[in-house]
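Asker: Pasting a structure here, questions to come.
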Amino acid sequence: MGAAVVGAAALAGGIAFYQHVETAAPRDGSAVLALVLPDVDGRQQSLSQWRGKVLVVNFWATWCAPCREEMPHFIAAQAKDGAKGLQFVGIAVDQVDKVRDFAQEIRLNYPALIGGLGAIELSKALGNELAALPFTIILDRGGGVVHTQLGPLKAAQLDALLDRLLTSP
Amino acid sequence: MTRQKSLRSPWLRATNGISAGSRRRLGLVERSLAALAALAFGTAIAAGLPGLAPKLLPPEQAFRFSARVLDPATIEARFDVADGYYLYRDKLRFTAEPVQVLPVDLPRGQRKHDEFFGDVETYRGAVTVRLPLASAASGGTLVLHADSQGCADAGVCYPPNPQKLTLVVPANGAKPGPFVEAAPRGLFR
């Protein structure tokens, strides 16, 4: 009985449950690139226009505090490495007006698209069964999914990931 | 000297506690080793062996919704929020049919300063809310809908999560009815 308690205590030791998947071989990202979603001005945007970029697709919402908190670092990374082929795309599971207001307030420098059921289904298909936020998918220049993460992406972790992807051919 | 021929292994003899001659209790060393093994096993799981890391709870388990009839014109709704999760007070909504829910006095929650939304209030643990009904629902059934939105401390938020349950309102409402759960626990959950 004592042994069981000790084991259970170790298991319950407050470990975060981010599910991140480091794929050895990139998975096919064509479903991601095939997404077509409206931006805050109502114009349809196809993700395929960013084929060839290191694409960071981030599912978020204004009502998701952890989502908002990681965005300033995304903005900084976009400004710094956009010229090297880095492209962030935000998919907001949210109302247009709220997204537009927030995008203006934080001076978002990458596209904010409005995601509906289709986007939610895609995030589920890529491992986000509960459609929780934030959820991030990273594609390499070849269009392969090299990383997915449920939960915030810490600055150091993101920088390390992007460094590798941006310097590879 | 007698010997139990069917139990040649000293280990078997020890666990069966049989023949006095070769019996040993599980000593301190054995119990410590068992505890260490359990600790190592638990830690390995917690450290996130692929596929074994603790998972995010589905919203109906993170935010368990239940309700009971207090009297024919009053429902008591309850949320049991799991440890490490919280609900937003201003996102809680209750509706019902066929009888309407009147404006509700939500209990105060814990104040949390949000950079974008200002001061928000959150609920943790058990929260009960009295729902007055527009008219008595005696002798019928009532479907109660709860809309809630919540997050996990670990930094993840759920989309709006509608749940519902059905209550039977007794004809004479002598005493409060039993709690009905929206998502009853299975035997093995």
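Asker: Within the set of pairs 6 or more residues apart or between chains, which connect a residue that is within 14 Å of chain B (Cβ to nearest Cβ) and under 25 Å from A:Gly142 (Cβ atoms) inside the stretch A:39-61 to a residue that is of a type in the set (A, V, I, L, M) and crowded, with 23+ Cβ neighbours inside 10 Å with Cβ atoms less than 6 Å apart?
Answerer: A:Phe59/A:Ile91; A:Phe59/A:Leu133
Asker: Report the residue count in the stretch A:143-158 for those that are over 18 Å from B:Ala154 (Cβ atoms) and over 14 Å from the mean Cα position of the chain (by Cα).
Answerer: 2
Asker: Considering each residue of the stretch A:90-113, count those that are charged (D, E, K, R) and more than 22 Å from A:Val36 (Cβ to Cβ), and give that number.
Answerer: Qualifying residue count for the region: 3.
Asker: Tell me which of these B:Ala67 doesn't satisfy, since it passes every other one: (1) more than 22 Å from the chain's Cα centre (by Cα); (2) over 19 Å from B:Ala154 (Cα atoms); (3) modelled with pLDDT of 70 or more.
Answerer: (1)
Asker: Considering only the stretch B:117-130, I want to know if a residue exists there that is touching a Gly at 6+ places or on another chain (Cβ under 9 Å), loosely packed, with under 15 Cβ neighbours inside 10 Å and not aliphatic (A, V, I, L, M).
Answerer: The answer is no; no qualifying residue exists.
Asker: Continuing with the same structure: Is it the case that some residue within the stretch B:63-85 is closer than 28 Å to A:Ala61 by Cα, without any contact (Cβ under 8 Å) to a residue 40 or more places away in the chain and surrounded by 14 or more Cβ atoms within 10 Å (Cβ to Cβ)?
Answerer: Yes, that holds for at least one residue.
Asker: List pairs: first residue in the stretch B:172-189 and on the phi > 0 side of the Ramachandran plot, second residue at pLDDT 65 or above anywhere in the structure, Cβ distance under 6 angstrom, at least six positions apart or on different chains.
Answerer: Pairs found: B:Gly173/B:Asp71; B:Gly173/B:Pro72.
Asker: Okay, next question. From A:Ala79, A:Ala65, grab the single residue that is within 14 Å of chain B (Cβ to nearest Cβ), free of Cβ contacts under 8 Å to residues at least 40 places away in the same chain and over 13 Å from A:Leu162 (Cα atoms).
Answerer: After ruling out the rest, the residue left standing is A:Ala65.
Asker: Which residues, counting only those in the stretch A:40-49, are of a type in the set (D, E, K, R) and either in contact with a helix residue (DSSP H, G or I) (Cβ under 9 Å, 6 or more places away or on another chain) or in a helix (DSSP H, G or I) (or both)?
Answerer: Within the stretch A:40-49, A:Asp41 is the sole residue that qualifies.
Asker: Which of the strands (runs of 3 or more DSSP E) contained wholly in the stretch B:96-151 include at least 2 residues that are within 16 Å of B:Gly177 (Cα to Cα) and in contact with a Ser or Thr (Cβ under 7 Å, 6 or more places away or on another chain)?
Answerer: Where strands (runs of 3 or more DSSP E) fall fully within the stretch B:96-151 and carry at least 2 residues being within 16 Å of B:Gly177 (Cα to Cα) and in contact with a Ser or Thr (Cβ under 7 Å, 6 or more places away or on another chain), they are B:126-132, B:140-148.
Asker: Go through the stretch A:75-169 and tell me which strands (runs of 3 or more DSSP E), entirely inside it, have 2 or more residues that are at pLDDT 95 or above and under 22 Å from B:Asp114 (Cα atoms).
Answerer: Passing ranges, in order: A:86-92.
Asker: Is there any pair with a first residue in the stretch A:111-132 that is within 20 Å of A:Arg100 (Cα to Cα) and a second that is among the basic types (Lys, Arg) and modelled with pLDDT of 85 or more whose Cβ atoms are under 9 Å apart and which are 6 or more apart or on different chains, and what are they?
Answerer: Cβ pairs passing all conditions: A:Ala112/A:Arg100.
Asker: Please find, within the stretch A:50-65, the residue that is surrounded by the fewest Cβ atoms within 10 Å (Cβ to Cβ) out of those that are at pLDDT below 95 and out of contact with any helix residue (DSSP H, G or I) (no Cβ under 7 Å at 6 or more places or on another chain).
Answerer: A:Ala65
The values are calculated or read from the model by the stated rules, or taken from the named source; none is laboratory data. Predicted model only: the values in this text are computed from it and were never measured. FYI the Cβ positions are ideal-geometry reconstructions off the backbone, even for glycines, and counts take in every protein chain you see.
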